[in-house]
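Below is one structure; the comments refer to it alone.
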Amino acid sequence: MQVQTEGYEKVIADDTGAILLKTTFENLYNSYFDKLFEYGCRLHNDQHLIQDCIQDVFIKLWNKRHQLSNIKNIKSYLFIALKNTILNKAASSTHKLLQGGDTPFELSYIIEEQVSKGEISAETLSGLYIALNNLTDRQKECIYLRYFEGLGYEEISDLLNISTKATYKLAARALECLKANIPESLFVLFFLKL
């Protein structure tokens, strides 16, 4: 599903029509909730915490709507805000991140979705798990954001808090690692299914 985000930025900052503002804000929430939830579940295993964090992001967005007129890309903004909210809540409570250490990231859900759709065989699944386990958490997150969420390198660099050049290198190294660990035909097939 392609989400139209053009115009949300202007309407969020414009308080002239309260009904239009509320409707647009509800549409924004409904358009992004599933994507944000999926992304959050890759960072943390507590689904209730993820839902709370998404609520917090939208509450903060609503409360600060007058100060947010400079948002260039609402999708990128929401992903960054959610990640920061999850990290802050995990650090300030007993909630644990998935694997500890640097921000962990889980990509196995994507493979499982492909298997459940009958698009990838069980033997192919084994090869993909091995290849994905050779990636660092940052590489997994970069691949997910670039190829599954369609974010640009500049947006990913903001989300990962690294330079754009480093983001290009991170994605290239991840792709090299995947290519080295799975047959080329499987590599091409996997990315064609996206």
State all residues of region 142-157 that are surrounded by 19 or more Cβ atoms within 10 Å (Cβ to Cβ) and in a helix (DSSP H, G or I); if no residue qualifies, say none.
142, 143, 144, 145, 146, 155, 156, 157
Of (1) at pLDDT below 80; (2) in contact with an Asp or Glu (Cβ under 6 Å, 6 or more places away or on another chain), residue 164 fails just (1)
So which residues in region 33-49 are under 20 Å from residue 137 (Cβ atoms) and free of Cβ contacts under 8 Å to residues at least 60 places away in the same chain, if there are any at all?
36, 37, 40, 44, 45, 46, 47, 49
How many residues does region 50-74 hold that are surrounded by 20 or more Cβ atoms within 10 Å (Cβ to Cβ) and either closer than 14 Å to residue 156 by Cα or touching a residue at least 60 places away in the same chain (Cβ under 8 Å) (or both)?
1
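The values are calculated or read from the model by the stated rules, or taken from the named source; none is laboratory data. All values derive from a computational prediction rather than experimental measurement. A quick note on method: Cβ atoms are made from the backbone with ideal geometry, for glycine too, and the neighbour counts reach across all protein chains shown.
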